[in-house]
Amino acid sequence: MKTMMAARLAKPGQPLLLEELPVPQPASDEILLKVEACGLCGTDLHLAVAGDIPVERMPITLGHEAAGVVAVAGRDARSLREGDRVVLFPAAYCGACRFCLQGRHSLCDRSKVYGMARDGALAEYVVAPERSAIRLPDAVPFEIGAIVTDGVATPFHALRSRGGLRAGETVAVFGCGGLGTHAVMLARLMGAARIAAVDVDEKALARARALGADVAIDMRRGDPAKAIRSAFGRGADLALEFVGVPETVEAAVRSLDKAGRAVIVGVGMGRPALPPLAAFVGREQSVLGSFGMDRADIEDLLALVAVGRLDLSASVSARYPLAEANSALEHLASKREGVVRVVVVPSTS
């Protein structure tokens, strides 16, 4: 029996276990992916360290940002063959519910997120439904393809699909970690007139300025909404919140101009307050949730990277072999050296 190594979560707060497991066998409508790169993100920290996001079972193999090569295609596979380069949508979606049929794959009624509901890609191999695999252009490196699936597609979805950013509008980005950093890059690419970056970390703010933010605002030094109004001459047309705490959500809403949209991406258990209804309704402001991404977001981003319109070469802050998956998580949690994304590369372990 052929075996593989996998980094498994047995209990939150404890190190991942590096285990030898049988290589999984794909069902007739699945593929077996030889993992070439697996990105890590804040969700992995919530799962492995804080334990505040539930998983369906433990132990479970983490990793939902995957890129690799098709090792085996099930007998009913229609479009993929052995040797094809692909990335995986971060969840196995059903393709048949009303949301999937609308192209809103992040809202799939029967979604199974890798690393939460089914084994993920912090392993040498992972199985996935063929329908949720996306071709990776030859010009896009595996590690870049992996982080696109979530770390770049999530802010793109928030900007385009949920926030409806139009060229010439102003944008405020609250939280400039991995997601917020890419939001700044994408907002600039999409034609934002001016961009304000809001954070409490000087390195994150400096990085945001280098990538296209016109204004860097430190939340520790006063009300960011007032600072945004001062910088723009009025409120923001679109505010994106990537932190997930009431303070930043409320600041994002306060920063809006008339007809402004606040798109909340950060997830938390807090209960932010809306402004007084007379002000909120009279100004026709919107507060929208944005969860994950749709398949089209990933496909369009990969196309932009492939033709050189979107340069993500600086987004991978560190690479680790699978045997050092715990060190990779620690690196991501430390935020040292202005970390954007950390990638595990199983083939080097």
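The values are calculated or read from the model by the stated rules, or taken from the named source; none is laboratory data. For clarity, every value in this text was computed on a predicted model and none was experimentally measured. Cβ atoms come from the backbone with ideal geometry, glycine included; neighbour counts cover every protein chain shown.
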Review point. Looking at (1) more than 26 Å from V316 (Cβ to Cβ); (2) without any contact (Cβ under 8 Å) to a residue 40 or more places away in the chain, which is the one condition that is false for R78?
Key: (2)
Point to revise | Selection within the stretch 188-216 - over 18 Å from E241 (Cα atoms) and touching a Gly at 6+ places or on another chain (Cβ under 9 Å) | key: L189, G191, A193, K203, A206
Exercise for review: Could you please give the count of residues in the stretch 183-215 that are assigned to a strand (DSSP E or B), surrounded by 21 or more Cβ atoms within 10 Å (Cβ to Cβ) and aliphatic (A, V, I, L, M)?
Suggested key: 4
Exercise for review: Output the residues belonging to the stretch 130-144 that are in a strand (DSSP E or B) and either modelled with pLDDT under 95 or crowded, with 22+ Cβ neighbours inside 10 Å (or both).
Suggested key: A133
Practice item. Spot the failing condition for V342; the list is (1) touching a Leu at 6+ places or on another chain (Cβ under 8 Å); (2) surrounded by 22 or more Cβ atoms within 10 Å (Cβ to Cβ); (3) under 20 Å from I134 (Cα atoms), and only one is missed. Key: (3)
Check your understanding: From the residues in the stretch 9-43 that are within 19 Å of R78 (Cα to Cα) and of a type in the set (A, V, I, L, M), which one is nearest to the chain's Cα centre (by Cα)?
Key -> L33
Study note, to complete from the structure: Note: among G68, G74, just one is touching a Cys at 6+ places or on another chain (Cβ under 9 Å) and more than 17 Å from G177 (Cβ to Cβ), namely G68
Study note, to complete from the structure: Checked the stretch 218-253 for anything more than 25 Å from the chain's Cα centre (by Cα) and either part of a strand (DSSP E or B) or of a type in the set (K, R) (or both); matches are R220, R221, K226, R229, R234
Point to revise | helices (runs of 4 or more DSSP H) within the stretch 259-349 that include 3 or more residues in contact (Cβ under 8 Å) with a residue 24 or more places away in the chain and either in contact with a Gly (Cβ under 7 Å, 6 or more places away or on another chain) or small (G, A, S) (or both) | key: 295-306, 325-334
Exercise for review: Look at the stretch 296-315 and say how many of its residues are crowded, with 21+ Cβ neighbours inside 10 Å and touching a strand residue (DSSP E or B) at 6+ places or on another chain (Cβ under 8 Å).
Suggested key: 3
Practice item. May I ask you to list the residues in the stretch 112-129 that are part of a strand (DSSP E or B) and either without any contact (Cβ under 8 Å) to a residue 60 or more places away in the chain or more than 16 Å from P346 (Cα to Cα) (or both)? Key: K112, V113, Y114, R118, A128, P129
Exercise for review: Hey, can you tell me all the residues within the stretch 56-68 that are over 16 Å from P15 (Cα atoms) and surrounded by 18 or more Cβ atoms within 10 Å (Cβ to Cβ)?
Suggested key: H64, E65, A66, A67, G68
Exercise for review: Working carefully through the options A204, A231, find the one that is closer than 18 Å to G42 by Cα and among the aliphatic types (A, V, I, L, M).
Suggested key: A204
Check your understanding: Is the stretch 44-51 home to any residue that is within 18 Å of the chain's Cα centre (by Cα) and without any contact (Cβ under 8 Å) to a residue 40 or more places away in the chain?
Key -> yes
Practice item. May I ask you to verify whether A73 is among the small types (G, A, S) and farther than 17 Å from R295 by Cα? Key: yes
Practice item. Confirm whether L179 is in contact with a Phe, Trp or Tyr (Cβ under 6 Å, 6 or more places away or on another chain) and outside any loop (DSSP other than H, G, I, E, B). Key: yes
